1. Scanning for something in contact (Cβ under 8 Å) with a residue 40 or more places away in the chain, touching a Pro at 6+ places or on another chain (Cβ under 7 Å) and of a type outside the set (Val, Ile, Thr), does the stretch 305-320 turn up at least one residue?
2. Report every pair of residues separated by at least 6 positions or lying on different chains whose Cβ atoms are under 7 Å apart, first residue within the stretch 265-287 and in a loop (DSSP other than H, G, I, E, B), second of a type in the set (Gly, Ala, Ser) and modelled with pLDDT of 95 or more.
3. Within the stretch 1-97, considering only helices (runs of 4 or more DSSP H) that don't extend past its boundaries, which have at least 1 residues that are farther than 29 Å from Trp111 by Cα?
4. In the stretch 114-137, how many are of a type in the set (Gly, Ala, Ser) and crowded, with 16+ Cβ neighbours inside 10 Å?
5. For Leu100, state whether it is part of a helix (DSSP H, G or I), of a type outside the set (Lys, Arg) and modelled with pLDDT of 95 or more.
6. What's the number of the condition Ala259 fails, among (1) more than 26 Å from Val210 (Cα to Cα); (2) surrounded by 20 or more Cβ atoms within 10 Å (Cβ to Cβ)?
7. Answer yes if at least one residue in the stretch 242-260 is closer than 22 Å to Glu122 by Cα and not basic (Lys, Arg), and no otherwise.
8. For the stretch 131-229, which strands (runs of 3 or more DSSP E) that fit wholly inside it have 3 or more residues that are modelled with pLDDT of 95 or more and under 24 Å from Val326 (Cα atoms)?
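The values are calculated or read from the model by the stated rules, or taken from the named source; none is laboratory data. Please read all numbers here as calculations on a predicted model, not as lab measurements. Counting neighbours? That spans all protein chains shown, and the Cβs are built from the backbone with ideal geometry, glycine included.
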Amino acid sequence: MTTTPAADPSRLAAVASGFMAAKQLFAASELGLFAAIGTGSATTAQIAATTGAPERSVRILADAMVGLELLSYAEGQYTNTEATAAYLAGGEGLDLRPWLGFWDGLSYPHWLSYTESMRTAEPAPFDMGGERMEVFMGGVQTYNSLHALMLAENYDFTQHENLLDLAGLSTAFLDEAHKRNPKLRGAFVSTDMMLQMAKGGAPAGFGDFVEFHEADPLTTAVPGHYDSVLLEHVLHRFTPEENKTILTRAREAVDVGAALLVLDFLLDASDGRRLDAVLAGEYLVIDGTVVYPEDEVKGWLEATGWRWVETRPLPGSPRVIIAEAV
């Protein structure tokens, strides 16, 4: 008698324990494990002495991070990976710890209502009172800064001279583009509320190469004329008809051949990338905003005077659709 080999359950176990892995990462970040290791290597005793956490806890967290490929281990010592050294160790550059703090303190508990949100396609009540708003905005803007960095690393901004950030959320995108192309000039155009938030987070010297203009692209024409347009984190905040209006306004502000960059999470199961679908769940459970299928967005482009050129998934970040004005 022969038996059929049992199916491998490893992937099921890995996904089912994913919430534990996330919580271990959040705890390691908050306790300062990555910062304690820094640019060198450290034993559990050394990490415990620096963080003040019990060595037993440090061993659990450090070994978990090795298993998650966020630390390496050799001869009794732990070392940061390139990513944890760059983003979680508190050195120079972009510090992503506020983003992890937001997902741990606000987002993680909210996912307890996720199944009900899936049943109803409605968000659960989300408390934004008191210090929670500061944690939320700090986390969102930090994650947006990562998206801006990844876009600038994966798109050639030197081909443009005048870039419009239309209805966006963060000045980081224009700032990162300008770092790679000092000749680039631009404009940040949005409603008054978003404009004030953007101005408050703008880095020093930002006004030397970027103009701020108040305009609601749903109701008014966009001031100025540009050779490129960026829609960063715009689509998921609006309805399909509103997005077509914004795309039309963007097209009116450029000549034929101008570039359009549409950065957002987009649903497309054909490439197996899980981040977009996971963030679609996050947007739904938090505030009900929509991550649209990529094919639907392509249809909006065609209807508003744009030709799709390509879509690039950015590392640890949204996709960017690149289109051309026709």
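1. Looking for residues that are in contact (Cβ under 8 Å) with a residue 40 or more places away in the chain, touching a Pro at 6+ places or on another chain (Cβ under 7 Å) and of a type outside the set (Val, Ile, Thr), one finds at least one in the stretch 305-320, hence yes.
2. Sorted first by the residue in the stretch 265-287, then by its partner, the pairs are Phe265/Ala280.
3. Details: elements: 10-16, 18-31, 33-37, 44-51, 55-67, 82-87.
Counting at least 1 such residues, we get 33-37, 44-51, 55-67, 82-87.
4. Quick first cut of the stretch 114-137, residues of a type in the set (Gly, Ala, Ser) only: 117, 121, 124, 129-130.
In the following step, the residues that additionally are crowded, with 16+ Cβ neighbours inside 10 Å were identified as 117, 124.
Residues flagged as of a type in the set (Gly, Ala, Ser) and crowded, with 16+ Cβ neighbours inside 10 Å within the stretch 114-137 amount to 2.
5. Values: part of a helix (DSSP H, G or I): yes; of a type outside the set (Lys, Arg): yes; modelled with pLDDT of 95 or more: yes.
It is true that Leu100 is part of a helix (DSSP H, G or I), of a type outside the set (Lys, Arg) and modelled with pLDDT of 95 or more.
6. (1)
7. So the first thing to find is which residues in the stretch 242-260 are closer than 22 Å to Glu122 by Cα, and the list is 242-243.
Going one step further and asking which of them are not basic (Lys, Arg), we end up with 242-243.
Checked against the condition, which is being closer than 22 Å to Glu122 by Cα and not basic (Lys, Arg), the stretch 242-260 yields at least one hit.
8. Details: elements: 162-166, 185-190, 210-214.
Qualifying strands (runs of 3 or more DSSP E): 162-166, 185-190.
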